[in-house]
Amino acid sequence: MSKPNPKPGDLTRRELYFSNLYRCFEAIVYVGLAFNDHVGDWVRVQRPLLGQSAAIGYLVFALVVPIIAKRLRISLVTGISAVLFVDIVAAALILIALSGYSIVPMMILVNVGIAVLLLPHRAYLFAAAATAGVLAPFGVDWLTQPVPPLLGINTLAIIAAYFVFAMLLRYLSGHMRATEDLAAQRGVDLLNLEQVNDLIIQRMTTGVLLVDAENQVLRINESAWHLIGHPSPSQRALGAIAPELLRRLQHWRHSGRAKQTALALAADAAEVIPRFARLAPDDDAHALIFLDDTSLLSRRAEQLTLGSLGRLAASIAHEIRNPLAAIRYAAQLLAESPELTAEDKRLANIINDHCTRANEVVENVLQLSRRERSRPESIDLNVWALVFVEDYKQANDLGSDHLGAVTQNLPIQAMVDPQHLQQVVWNLVQNALRYGRQPYEPAHVSVVTRLATDKALPLIEVVDRGPGIPPKIAAQIFEPFYTTHEYGTGLGLYLAKQMAEASQATLEYVPSAAGGARFRITLMPVASLLTSRSAASPG
């Protein structure tokens, strides 16, 4: 596994560490120059006390500054600037104490380079300070004694070298820092991409395993972990986790072909079809194993089949609609004939009733194919329920049946398409009035509005006092074309559920301990939908 790139703070500490090491070396050289009476024919110590004092003081400073720098609460720029200025002052004092040309100006060149690397925006300031440090002893010597021309030329050359070196190193350090920043950014991008890839692999419905040459599982995603029976994280041997999968892998490695028969890798797991692939074209050691859940494939095939059948049914329903209307119209005209006997009129009424039922099936199928897009808006469920109950009573003769609304004292706001909600609740109320009654008793149906007790979501419930729905039937009532009534189409509840989901609501059947049936519509509160819309907007 590759090591992470060092942070900018780590780079600065590393550079300061080597800078302190060089400062200690520099101080030792100054001590050696100051405490020798005669270093060479070209260098003499003219002011021993000054040179020795400056050398000893600078050596103590070089040893102490790394310790006190951690305790002083000053900015990094201020601390580095102060230390580098002390370097230049110490070098100037050593040059004043010495006579003749020495290596001290050349050593200051390294200090200038350190200043450029650590503080590039102050590069020329430190070059100017180093120039002043070199010119100071030259000026002192010029005032007290004749100065050889060669020493002046050397001094000017050193000064020019300071500025040229600062300029070049500043240019190169800028490129180096830009390269380091780019490399760090690329490292972050690669790390983010790796995390995204890991997340995608973990969330895949297809199981994925990475196996090495010793058949040890190196990586496994969540789907594969479920499909092979939830093995322990410490268990990595493929033969111990899934022996049959190991046999198929070995067969693929030897023959290059994989068996396409499905198998179950655990007692309570779904059947899968394993597929194998190399990690790289020239990598024979590592193998990728893909586990395709056959139940998912079956559901996808079923969805494609249902979609095709839905389009076919809509096309057939559209073609049947006109002939069916003609048959119904002819049956109505025939029933109005005065020459028909009572038996013939009964047969004409039978034709008319079945045409009406067939037309309802056609309308439901067409409604499935041309479902309009939801247009949610904010409504008060209490007001809406009261208006709905009155509209339903005016449009339908309830007789002895009872339909009422149970509302709350506080307003309940929800975001929903009123037209879709009208159709859904209308369908639920019709079913409740038709099936939600005890034998030989009138139906009692209530449209209840309230807030959920756990999440405070707005709810609408259609409740009756009938015999309820058995659990086996309740598990299938929302499936298309499922019905227990002789003349039912099996599309009412399916359409109601689809319309509810189009308005980001849920429709479910809730068993009631007190008896009867309870259909609950959980709607979206106003604040939640506004928040989701604002989060989805590009602005």
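Rule-based calculations on the coordinates, nothing more; no lab input. The structure presented is a predicted model; accordingly, all values stated were derived computationally and were not measured. For neighbour counting, all protein chains shown are included, and Cβ atoms are generated from backbone atoms with ideal geometry for every residue, glycine included.
For K472, list the aspartates and glutamates whose Cα falls under 16 Å from its own Cα; do not include residues on the same chain fewer than 8 positions away. Cross-link targets: E508. Applying the Karplus relation 6.51 cos²θ - 1.76 cosθ + 1.60 with θ = phi - 60° to the stretch 119-130 yields 3J(HN,Hα) values of 10, x, 6, 10, 4, 6, 5, 6, 5, 5, 5, 5 Hz, where x marks Gly and Pro. Max-minus-min Cα coordinates of the stretch 323-445 on each principal axis give 63, 39, 22 Å, with the largest extent listed first. Residues in the stretch 515-524 carry Karplus couplings, in order, of x, x, 10, 9, 9, 10, 10, 9, 9, 9 Hz; the curve used is 6.51 cos²θ - 1.76 cosθ + 1.60 with θ = phi - 60°, and Gly or Pro positions show x.
Other residues lying with their Cβ under 14 Å from the Cβ of L451 contribute a combined charge of 0, Lys and Arg counting +1, Asp and Glu -1. As a rough guide to protection, the peptides 266-274, 441-449, 178-186 ranked by mean Cβ packing within 10 Å, highest first, stand as 441-449, 266-274, 178-186.
Computed from backbone phi with θ = phi - 60° and the Karplus coefficients 6.51, -1.76 and 1.60, the 3J(HN,Hα) list for the stretch 412-420 is 10, 8, 8, 9, 7, 7, x, 5, 5 Hz; x is used for glycine and proline.
Could you tally the net charge around M107, taking each other residue with its Cβ under 13 Å from the Cβ of M107, Lys/Arg +1 and Asp/Glu -1? Display every interim value, and only then the final one.
Numbers: positive: R23; negative: E26, D87.
Net local charge, M107 excluded: -1.
Scanning residues 5 or more positions from A264 or on other chains, those with amide H under 5 Å from its amide H are V272, with H placed 1.01 Å from N in the peptide plane.
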